[in-house]
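Beneath this line is the structure, given in structure tokens, with notes to follow.
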Amino acid sequence: MAILVAARFDADDWARWWPALDAAFPDEVLIRDRRDADPDDIDIALLASPPPGALRGLPRLRFLQSLWAGVDSLLADPDLPAELPLARLVDPAMSDAMAETALWATFGLQRGFFDCLRRQRGAVWQQPDQPRPDEIHVVLLGLGEMGRCVARRLLGQGFRVTGWSSGRTPTTGNDAAIPHCAGPDALDALLPTAQIVINLLPLTPATHGLIDARFLARLPRGAGLVNLARGAHVVDADLLAALDRGDLAHAVLDVYTTEPLPAAHPYWQHPRVSVLPHTAAQTDPRSAAPIAAANVRRWRAGQPVQALVDRARGY
Ligand code: NAP
Ligand code: GLV
């Protein structure tokens, strides 16, 4: 049998991925072009933004492994076979990278560095207010693989942190010490206490557009927003209005409803927005390929695979 790598990769991406995949799957036949294999021979697909139709007409396909952590676009793909098990990527190296980005953004907001960079444009010399970390309450939307790693690192730096989740997955072990709460009413109560909100939720019907005018109005004046999850969590017009009024001090954005962010989008030029190009936690083939391979081995051995997506929940 063979494994199809269904990916919308350019030549540079393939040059990074192929050696890592080749090394991680020494006993498997890997193919990157469907025409190189009999469709009857393909029983597993590794998925990284698969091209349209990539999974059509594969009668013996049985297991799907995403090479991305978020599966919102995969689940929206009408060609994704609905009945097959789908595992997403859970890579501790990615969680570390995400935590580094979250720390950078949090320090930038706490120390007023984004304000300094904005004033640089006008040659304005002005030292910002710099509250201590223990005077800053960071609210983390999502306390999953990434959110817990971010929470641990922020707590380690002395910030006050509260995680918010749906409450389905209990935090266990050391993570049980992360202050957290669950559900819409708890979020309503939490937002007025937040100086910084960091979004690490999956994009699902329940979280789509969560960060809207009502959400932003509950934050204290001068709060900062860091969106590292998906662009469609945010209602762009509502965020821009909150920034223009000065209700929200600054937004650090890594993800957008349309990517790449169109050149004419107001975020690019907005003085209170820092734009990152979906780079908060890139997938590193060196760690991701062995993780995907271990899951494939589990599946072939009839063992439980890790990080299975719950299709009904959407993550
Ligand atoms: P995860 O392990 O699945 O964690 C998801 C968290 O969100 C869980 O705490 C979950 O709570 C919570 N949640 C889900 N739906 C909720 C709702 N309706 N209300 C409240 N809480 C809800 O996901 P992850 O691995 O941490 O990744 C999170 C997201 O990061 C991904 O989906 C992806 O969009 C994004 N991401 C971005 C980048 C980047 O470079 N910018 C890179 C990787 C990932 P329960 O478990 O209690 O249900
Ligand atoms: C990146 O955004 C991912 O979901 O892996």
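Here are the numbers:
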item: Residue count for segment 70-85, restricted to those that are acidic (Asp, Glu) and either within 21 Å of residue 140 (Cα to Cα) or open to solvent by less than 10 Å² (accessible area, probe 1.4 Å) (or both); result: 1
item: Segment 241-256 residues that are touching a residue at least 12 places away in the same chain (Cβ under 8 Å) and in a loop (DSSP other than H, G, I, E, B), paired with ones that are among the small types (Gly, Ala, Ser) and surrounded by 15 or more Cβ atoms within 10 Å (Cβ to Cβ) (beta carbon under 6 Å, 6 or more apart); result: 254/280; 255/231; 256/231
item: Test: residue in segment 86-95 that is away from ligand 2 (no atom under 14 Å from the Cβ), open to solvent by 20 Å² or more (accessible area, probe 1.4 Å) and either among the hydroxyl-bearing types (Ser, Thr, Tyr) or more than 13 Å from the chain's Cα centre (by Cα) (or both); result: no
item: Qualifying residue in segment 177-197 (condition: more than 13 Å from ligand 1 (Cβ to nearest atom) and either at pLDDT below 95 or outside the structural domain of residue 133 (by TED's automatic domain parsing) (or both)); result: yes
item: Subset of segment 214-230 that is outside any loop (DSSP other than H, G, I, E, B) and under 22 Å from the mean Cα position of the chain (by Cα) - its residue that is nearest to ligand 1 (Cβ to nearest atom); result: 227
item: Within segment 49-69, considering residues that are surrounded by fewer than 19 Cβ atoms within 10 Å (Cβ to Cβ) and within 16 Å of ligand 2 (Cβ to nearest atom), the one nearest to residue 199 (Cα to Cα); result: 68
item: Pairs where the first residue, in segment 135-146, is within 7 Å of ligand 1 (Cβ to nearest atom) and the second is among the charged types (D, E, K, R), C-beta under 9 Å, 6+ apart; result: 143/175; 145/91
item: Qualifying residue in segment 135-148 (condition: closer than 30 Å to residue 51 by Cα, under 20 Å from the mean Cα position of the chain (by Cα), of a type in the set (Gly, Ala, Ser) and not assigned by TED's automatic domain parsing to the domain that holds residue 205); result: no
item: Subset of segment 155-194 [assigned to a loop (DSSP other than H, G, I, E, B) and of a type in the set (A, V, I, L, M)]; result: 178, 194
item: Residue, farthest from the chain's Cα centre (by Cα), within segment 96-109, restricted to residues that are small (Gly, Ala, Ser) and buried (at least 22 other Cβ atoms within 10 Å of the Cβ); result: 105
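The values are calculated or read from the model by the stated rules, or taken from the named source; none is laboratory data. The structure displayed is predicted, hence computed values, not measured ones. Quick reminder, even Gly has a Cβ in these numbers, built from the backbone with ideal geometry, and neighbours come from all protein chains shown. Please note that ligands, DNA and RNA were not included when accessible areas were found on the heavy atoms of the full protein model with its side chains. Shrake-Rupley method; radii C 1.70, N 1.55, O 1.52, S 1.80 Å.
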